[in-house]
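Structure first, commentary second.
The values are calculated or read from the model by the stated rules, or taken from the named source; none is laboratory data. Values in this document were obtained by computation on a predicted structure and should not be read as measured data. Positions of Cβ are generated from backbone atoms using ideal geometry, with glycine treated the same way; all protein chains shown enter the neighbour counts.
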Amino acid sequence: MKIKSLLLSSSLLLAATSQAATLDVSVTNLTHGVYFAPLLISAHDSSTHFYALGSAASTELQAMAEGGDISGLATYATGMGAVNMENPASGMLPPATTTDAMDIDTGDNMYLSIVGMMVPTNDGFIGLDAWPIPTTTGTYTLYLNGYDAGTEANNEIVVGPSAGMPGTPGIPGNPGGQGGTGATGVTTEELNPTVHIHRGNLGDTMADGGMSDLDSRVHRWLNPVAKVVITVK
């Protein structure tokens, strides 16, 4: 009888941990002058990862981090059985604003990931990797860091949309303006070719010339860069 009770308890516990959850997810941009490109919010299994610290970025991650293109990562996640919410802000998420993804039915997926390019940066992105979704209902608050994909030198030169193509140096745009032009470039090298914590934009205060097209008074940032509030229903 005791063994049967233990087996029953184990079965109930297993059923509880595999129960689908419905989530509300809000993302707030905590930076002063950096925008978030379209975000990808994904509920997935334990084997799915968009990035790994200390490892080289995938081509899909590179496309997202350099040009804001989340389609490759979304396709990869869908192929792994994930449930995705793409671009909840319907475009860029400006500083000091929040976007919400409501009533996400996770199905059998027990992990949550969030990624989105930081603009203007060369290959910076916000990231949450495979966070275990709690089985207990409630509200959970997380703070996300800005990461560097390690795929491009942080020259801080705004080139325009063409720079969003992987392998093309430069920043694809400066949506908030307030930067400079004609920069010579902060660096031509990326010393860490793996995914790592971003050093932040350096910038300068020169409207014309200088080493950076970014304004250090506007585009400088430190971690954390995003606040995420997750409600498990």
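Of all residues in the stretch 216-230, those satisfying the criterion of being β-branched (Val, Ile, Thr), surrounded by 16 or more Cβ atoms within 10 Å (Cβ to Cβ) and either under 20 Å from the mean Cα position of the chain (by Cα) or under 20 Å from residue 25 (Cβ atoms) (or both) are 225, 228, 230.
What do you reckon, is residue 78 surrounded by fewer than 19 Cβ atoms within 10 Å (Cβ to Cβ), β-branched (Val, Ile, Thr) and touching a Lys or Arg at 6+ places or on another chain (Cβ under 6 Å)? In short, no. Scanning the stretch 85-99 for residues that are within 25 Å of residue 233 (Cα to Cα) and over 15 Å from the mean Cα position of the chain (by Cα), we see that the one that is surrounded by the fewest Cβ atoms within 10 Å (Cβ to Cβ) is 90.
Rundown of residues vs (1) closer than 22 Å to residue 176 by Cβ; (2) in contact with a Leu (Cβ under 9 Å, 6 or more places away or on another chain); (3) of a type in the set (S, T, N, Q); (4) free of Cβ contacts under 8 Å to residues at least 24 places away in the same chain, yes/no style:
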site: 33; (1), (2), (3), (4): yes, yes, no, no
site: 37; (1), (2), (3), (4): yes, yes, no, no
site: 43; (1), (2), (3), (4): no, yes, no, no
site: 97; (1), (2), (3), (4): yes, no, yes, no
site: 102; (1), (2), (3), (4): no, yes, no, no
site: 116; (1), (2), (3), (4): yes, yes, no, no
site: 128; (1), (2), (3), (4): no, yes, no, no
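Scan the stretch 111-123 and give yes if some residue there is over 30 Å from residue 190 (Cβ atoms), among the charged types (D, E, K, R) and either more than 14 Å from the chain's Cα centre (by Cα) or surrounded by 15 or more Cβ atoms within 10 Å (Cβ to Cβ) (or both), otherwise no. Among the residues of the stretch 111-123, not one is over 30 Å from residue 190 (Cβ atoms), among the charged types (D, E, K, R) and either more than 14 Å from the chain's Cα centre (by Cα) or surrounded by 15 or more Cβ atoms within 10 Å (Cβ to Cβ) (or both), which makes the answer no. Taken over the stretch 15-72, the criterion of being at pLDDT below 95 and surrounded by fewer than 20 Cβ atoms within 10 Å (Cβ to Cβ) is satisfied by 15, 16, 17, 18, 19, 20. Scanning the stretch 202-215 for residues that are buried (at least 16 other Cβ atoms within 10 Å of the Cβ) and in contact with a strand residue (DSSP E or B) (Cβ under 8 Å, 6 or more places away or on another chain) yields 203, 204, 210, 211, 212, 213, 214, 215.
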